Amino acid sequence: MKIGLVQLDTGTDPAANLARSESAVREAAAQGAELIALPEVMHLRVPADQIGRTREHAQPIPGPITERFGGLADQLGVHLLLGSIGETSNDPQRTHNTSVLLGPDGALLGRYRKVHLFDVRVDDQTGDRESDRCLAGDELVAADTALGRVGLSICYDLRFPELYRALALMGARIVCVPADFTRATGGAHWLTLLRARAIENGVFIVAPAQCGGVPGRYTAYGHSAVIDPWGRVLIEMDDRPGVAVVDVDLVEVDRVRAKLPALEHRRPDVYGHTQGDGPS
């Protein structure tokens with residue numbers, strides 16, 4: 001099968017952002033992609049002094065954005081990952097950061113609300129408090145599709161390997177990591193973490209990312225990638241907007257897990273699900 005990555009430099013105009021996303025999806029489908037993945041915050045990124053607009057432009061799911069792109073998925077006959085959009089919540093100040101997987105008939109196959117929120121200060125130019133505007137989710141999602149079971153995650157989740165192990169144990173063969181990863185950490189961490197999550201769990205990692213800048217907050221790293229279960233980088237984009245399509249063989253999941261049956265060799269009887277109280 002073919003997987004399509006869409007790398008965006010999402011700005012402050014939601015209508016323009018969605019139009020660019022739709023055009024890119026059509027381009028990937030024209031190249032034969034059967035699963036097309038868009039990045040995190042695909043419909044809106046704003047500078048620090050406009051952060052309140054994230055709530056203003058949030059939508060219910062299902063809602064106008066999912067209906068529009070569900071119709072597009074149906075028209076093109078593709079599986080389509082809306083990396084994330086702002087989903088309305090019961091909190092008047094905060095939204096959910098939500099990833100949506102649509103089927104080739106436009107049906108909503110999976111909805112995942114980001115569990116780990118990016119409350120980080122890397123340096124004077126790079127930092128955020130996502131929890132000021134978003135509510136954390138509390139459920140892991142692995143969706144059944146005609147391509148196999150697909151696990152959903154978002155950006156900062158990548159730093160929590162237990163989430164990806166849980167998705168693998170839930171039967172995921174592909175795990176999506178739509179992101180708006182910072183340039184300050186991207187060069188050192190992005191591909192290393194993507195490869196580690198693929199190798200640890202014997203899964204394909206599909207990671208569409210944002211590029212470009214968000215004034216007053218951070219610059220995004222780009223470098224959207226697909227990693228195979230052996231940890232090979234099948235494709236890596238640069239730091240500019242664009243579309244890339246790559247061939248994958250899902251049988252590789254079975255081949256790798258047969259060679260290195262790490263999931264079978266787990267010892268939960270020894271380490272269980274214990275959690276410490278944090279650094280001492």
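The values are calculated or read from the model by the stated rules, or taken from the named source; none is laboratory data. Since the model is a prediction, treat every value here as computed from it, not as a measurement. In this analysis, Cβ positions are derived from the backbone assuming ideal geometry, glycine residues included, and neighbour counts consider all displayed protein chains.
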- prompt: Which members of the stretch 77-88 meet the condition of being crowded, with 19+ Cβ neighbours inside 10 Å and farther than 23 Å from Gly222 by Cα?
  reply: Val78, Glu87
- request: Would you mind finding the one in Val78, Val25, Val41, Val100 that is at pLDDT 95 or above, of a type in the set (Val, Ile, Thr) and under 19 Å from Val214 (Cβ atoms)?
  value: Val41
Top-ranked residue of the stretch 192-211 - restricted to ones that are in contact with a Gly (Cβ under 6 Å, 6 or more places away or on another chain) and farther than 26 Å from Thr12 by Cα, ranked as surrounded by the most Cβ atoms within 10 Å (Cβ to Cβ): Ala198
- line: Scanning the stretch 51-68 residue by residue, the ones that are out of contact with any strand residue (DSSP E or B) (no Cβ under 6 Å at 6 or more places or on another chain) and either over 17 Å from Asn97 (Cα atoms) or of a type in the set (A, V, I, L, M, F, W, C) (or both) total 3
- request: Taking His189 as meeting all but one of (1) part of a helix (DSSP H, G or I); (2) surrounded by 24 or more Cβ atoms within 10 Å (Cβ to Cβ), write down the number of the exception.
  value: (2)
field: Residue list for the stretch 219-265, restricted to those being among the charged types (D, E, K, R) and either outside any loop (DSSP other than H, G, I, E, B) or modelled with pLDDT under 95 (or both)
entry: Glu236, Asp247, Glu252, Asp254, Arg255, Arg257, Lys259
